[in-house]
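Student: Structure below; questions to follow.
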Amino acid sequence: MQQELRPDFSLPGEERIFKDMIKLTINMMEESQDGCPLRVQHAKAAACLTASFEIASEIPADLQHGVFSQPGKIFEAIVRCSTAQGTIEPDTDPTARGLAIKLLDVDGDRALDGDTEQSQDFLFVDHPVFPFPNPKEYKEVIKYRSVPLVGDLLALAHLLIFDPDQLKIVQEIRKKTVTNPLHITYWSGSPYWLGNAAGTSGQAVKYSAVPPIIETAPADSNRLSDDYLRKAIAGQLAQEEVTFDFKVQRQGDPAKMPIEDTSVYWDEQDAVPVKLATLRIKQQTVSKDSALEKRCEAMSFNPWHALKEHRPLGGINRLRKAVYEASFSERERRKN
C-alpha cells in the first residue's frame, strides 16, 4: 500500500501549517447583514435543493464499498450550489462554482472519531484541479490575501513571481462564465479512499458529477443580474427535474496521478471515470426564504463527514479537516 493511503499519514511540519491556517481563516471570517457569520469559502448559496442519490444497479466489484456496496439503493440528499468566495458577491464575479452533496441517514463507521452526523458528504468545484498543490503552498497565498485592502494584489504578485503554474490555474478558473450551475461538470479535485473500512483493501479515487447537458458560455455576461445563478436554477427546476451522473476515477500511475499534489490533473483518458450513481434533483420551488434554505445554511458541508470507506486523502484534505472544523465551531460560537 502507498504510504499516502495510510489513515494516519501526515508530513513533517503540517500541524504548524494547520494552526496558522486556522488563525488566518478565522481572522478572515466575515458576517452577513443580519450579523450571522459567513462560511469562509462558498459563502453565497445559489440554491439549496432536495435530491435523491440512486446507486447504480451494476457496479464493478472493486468499487463496491461504502454507499456503493448496495447496488440499487436510494439515499435522500440535500444539494447546495454555491460560489467560492467567502463574501457575498454578484454572480457575475469570476470565481469557482461549487456543488456540495449531503447524503442523509448513512449508517456505518465514521471517518472521524466522534462524528455524530449520519451523512456522507461529497464536495465539488467546476474545475478538475486546485490551484494549490499542498497546504504549504496554499498558506503562502492566503497569508497575503489576509492583508486588509491590498491582500488580493499581494497574493497575485506572489503567484506571478513565484508560482506562475498556480496563477495559470487561477486564471483558467476565473475565465469561466457559467449560465446555469445545473449545466456544468464538477470535480472533487482532491482524492479519496474507496475501499474497506479497515484500509487494507481499496484504492485512491477522485469523483465527478456530470450533467446530460453541458452549457456554452453566454454571449454577454455583462447583462446578467447579480443573482442570475439562482434564477437559472429556479427557472429550470420549476419545469423539470435535473440529473447528474456521479462518476469515480481510479488512480492509475501514482507518479502521474499523485495524492499529495492536487494541482495535477488525473487524465480521464488514461483512467476513464465510471458511473456509480445518479444524482436526481427533483422538480421543486426554489426560494431564498424557504425552511430548506435556512436548514441548509446552518449545515456543515465537510468531506470528513464520511464513512471510513470514503475517507479523504492527501494534504489538502488533512488541512480541510482542521480548518473546516474550526470554521464551523467559530460560526456556531458567533451565533450564540
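The values are calculated or read from the model by the stated rules, or taken from the named source; none is laboratory data. A quick note: this is a predicted structure, and the numbers were derived from the prediction, not measured. FYI the Cβ positions are ideal-geometry reconstructions off the backbone, even for glycines, and counts take in every protein chain you see. Protein only, heavy atoms only, side chains kept; ligands, DNA and RNA dropped before computing areas. Shrake-Rupley method; radii C 1.70, N 1.55, O 1.52, S 1.80 Å.
Student: Among Ala238, Ala197, Ala51, which one moves the most in a GNM of the chain with springs linking Cα atoms closer than 10 Å?
Tutor: Ala238
Student: Using a simple spin-label model with points 7 Å from Cα along the Cα→Cβ vector, what separation in nm is obtained for Tyr265 and Ala291?
Tutor: Inter-label distance under the simple model: 4.6 nm.
Student: Who wins for biggest fluctuation among Leu103, Leu279, Leu24 in a Gaussian network model of the chain, springs between alpha carbons below 10 Å?
Tutor: Largest GNM mean-square fluctuation: Leu24.
Student: Please give the calculated 222 nm ellipticity per residue for the chain, where each DSSP H segment of at least 4 residues contributes -39500 (n - 2.57) and the sum is spread over every residue; nearest 500 deg cm²/dmol? Walk me through the numbers before you get to the answer.
Tutor: Details: 7 runs with 88 residues, N = 336.
After summing the helix terms and dividing by residue count, I get -8000 deg cm²/dmol.
Student: Still on this structure, please answer the following. Using the crude model of +1 on Lys and Arg Cβ and -1 on Asp and Glu Cβ, and no other charge, please compute the dipole size for the stretch 180-336 relative to its Cα centre, in debye to 20.
Tutor: It comes to approximately 620 debye.
Student: Which residues in the stretch 196-216 place their backbone N less than 13 Å from a point set 7 Å from the Cα of Val274 along the Cα-to-Cβ direction?
Tutor: 202-206
Student: Grab the beta carbon distance between Gln118 and Ser329, set R0 = 22 Å, and tell me the FRET efficiency rounded to 0.05. Mind showing how you got there, number by number?
Tutor: Values: r = 20 Å, r/R0 = 0.90.
Computed FRET efficiency for Gln118 and Ser329: 0.65.
Student: Can you bin the stretch 210-336 into rounded, prolate or oblate? Criterion: square roots of the alpha carbon gyration tensor eigenvalues sorted a ≥ b ≥ c, rounded for a/c under 1.5, prolate for a/b above b/c, oblate for the rest.
Tutor: It comes out oblate by the Cα gyration axes.
Student: Using the crude model of +1 on Lys and Arg Cβ and -1 on Asp and Glu Cβ, and no other charge, please compute the dipole size for the stretch 251-336 relative to its Cα centre, in debye to 20.
Tutor: 620 debye
Student: Let's see if you can work this out: charge +1 on each Lys and Arg Cβ, -1 on each Asp and Glu Cβ, no other charges. What is the dipole magnitude of the chain about its Cα centre, in debye to the nearest 20? Mind dumping the intermediate values first?
Tutor: Numbers: 41 positive and 49 negative charges, 90 e Å.
For the chain, the charge dipole is close to 440 debye.
Student: With a sphere of radius 10 Å drawn around the Cβ of Val286, what net charge do the other residues whose Cβ falls strictly inside it have (Lys, Arg +1; Asp, Glu -1)?
Tutor: Result for the neighbourhood of Val286: +2.
Student: Using a/c under 1.5 as the rounded threshold, could you call the stretch 261-336 rounded, prolate or oblate? The axes a ≥ b ≥ c are square roots of the C-alpha gyration tensor eigenvalues, and prolate needs a/b larger than b/c, oblate otherwise.
Tutor: Oblate is the answer for the stretch 261-336, as a/c is 1.5 or above yet b/c matches or exceeds a/b.
Student: A further question follows. Within the stretch 290-324, whose backbone N sits under 15 Å from a point 7 Å along Cα→Cβ of Glu14?
Tutor: 304, 311-324
Student: Which of Ala96, Ala43, Leu123 sits farthest toward the positive end of the charge dipole of the chain, with +1 on the Cβ of Lys and Arg and -1 on the Cβ of Asp and Glu?
Tutor: Ala43
Student: Which whole-number percent is the relative contact order of the chain (Cα, under 8 Å, 6+ apart)?
Tutor: That works out to 25 percent.
Student: What does the accessible area of Ser57 come to, in Å² to the nearest 10, when a probe of 1.4 Å is used?
Tutor: 100 Å²
Student: Note down the nm distance, to one decimal, between modelled labels 7 Å out along Cα→Cβ at Ile74 and at Glu215.
Tutor: Going from the Ile74 label point to the Glu215 one covers 2.8 nm.
Student: How large is ³J(HN,Hα) for each residue in the stretch 243-253, as worked out from phi by the Karplus curve 6.51 cos²θ - 1.76 cosθ + 1.60 (θ = phi - 60°), to whole Hz, x for Gly and Pro?
Tutor: Result, rounded to whole Hz: 10, 10, 7, 8, 10, 10, 10, 6, 5, x, 5.
Student: Given labels modelled 7 Å from the Cα in the Cβ direction, how far is it in nm from Asn27 to Glu89?
Tutor: 2.1 nm
Student: Of the cross-linked pairs Lys23/Lys308; Lys73/Lys308; Lys206/Lys275, which ones have a Cα-Cα span greater than 22 Å in the structure shown? Display every interim value, and only then the final one.
Tutor: On the way: Lys23/Lys308 28 Å; Lys73/Lys308 19 Å; Lys206/Lys275 12 Å.
Long pairs (Cα-Cα over 22 Å): Lys23/Lys308.
Student: Between Leu279, Ser57, Val323, whose Cα lies farthest towards the positive end of the dipole of the chain when Lys and Arg beta carbons carry +1 and Asp and Glu beta carbons carry -1, centred on the Cα centre?
Tutor: After comparing all options, I get Val323.
Student: Compare Met299, Met28 by solvent-accessible area with a 1.4 Å probe and give them largest first, with all protein chains kept in place.
Tutor: Ranking Met299, Met28 by accessible area, largest first, yields Met28, Met299.
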